[in-house]
């Protein structure tokens, strides 16, 4: 497993050339916030600064952030989808999962969404799980419907899952293997080609 994670990490670092990077988290005392060149920007009608402050405040809590480490099981979570049904990360065991943290006001998320949907549609062994952070269901529902996106979307209304995964900028993505093991994180927007190369690299190292 360690060799597998190392190879995937190297593949990601080479692929993204310093714009994105693989992030490993060891324990609470050594956790580092994910940094991204894609800074969280405000949108009309949305108090983004206030939402970001809530996430930062929760991060400071001793109990808010459990251990999250590459090569270990990804922290499971259960959230409601846009149909009001419960969806858990563990529901997708047996498939690769790309967890994508996003918001409707994020312009980089907006650019990334069509590529995420294309990747999801083209790969039967992959689930793109889009986790919307701290927005109202009606707003998210309208955004997804207008975009015609098919991947599952769940609502992290209080931002607790984002805190667990140490998200500090949107978009942020994590790759999880078929056994539920966390392979690594990519802060920032990815292109379709980058997503494909990462997925194929993961497959090739099994």
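The values are calculated or read from the model by the stated rules, or taken from the named source; none is laboratory data. Given the structure is predicted, the values throughout are model-derived calculations rather than measurements. No Cβ is skipped: glycine too gets one built from the backbone with ideal geometry, and neighbour counts run over all protein chains shown.
Here is how the numbers come out for the structure above:
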item	result
Per-region count, segment 120-139, residues within 25 Å of residue 95 (Cα to Cα), buried (at least 18 other Cβ atoms within 10 Å of the Cβ) and either without any contact (Cβ under 8 Å) to a residue 12 or more places away in the chain or touching a helix residue (DSSP H, G or I) at 6+ places or on another chain (Cβ under 9 Å) (or both)	9
Given (1) surrounded by 23 or more Cβ atoms within 10 Å (Cβ to Cβ); (2) touching a strand residue (DSSP E or B) at 6+ places or on another chain (Cβ under 7 Å), index of the condition residue 178 fails	(1)
Pairs where the first residue, in segment 84-111, is at positive phi and crowded, with 20+ Cβ neighbours inside 10 Å and the second is at pLDDT below 95 and assigned to a helix (DSSP H, G or I), C-beta under 6 Å, 6+ apart	none
Matching residues, segment 181-204, being in a loop (DSSP other than H, G, I, E, B) and buried (at least 16 other Cβ atoms within 10 Å of the Cβ)	188, 189, 190
Residue satisfying condition, being over 12 Å from the mean Cα position of the chain (by Cα), without any contact (Cβ under 8 Å) to a residue 24 or more places away in the chain and either part of a loop (DSSP other than H, G, I, E, B) or over 27 Å from residue 202 (Cα atoms) (or both), within set 150, 142, 178	142
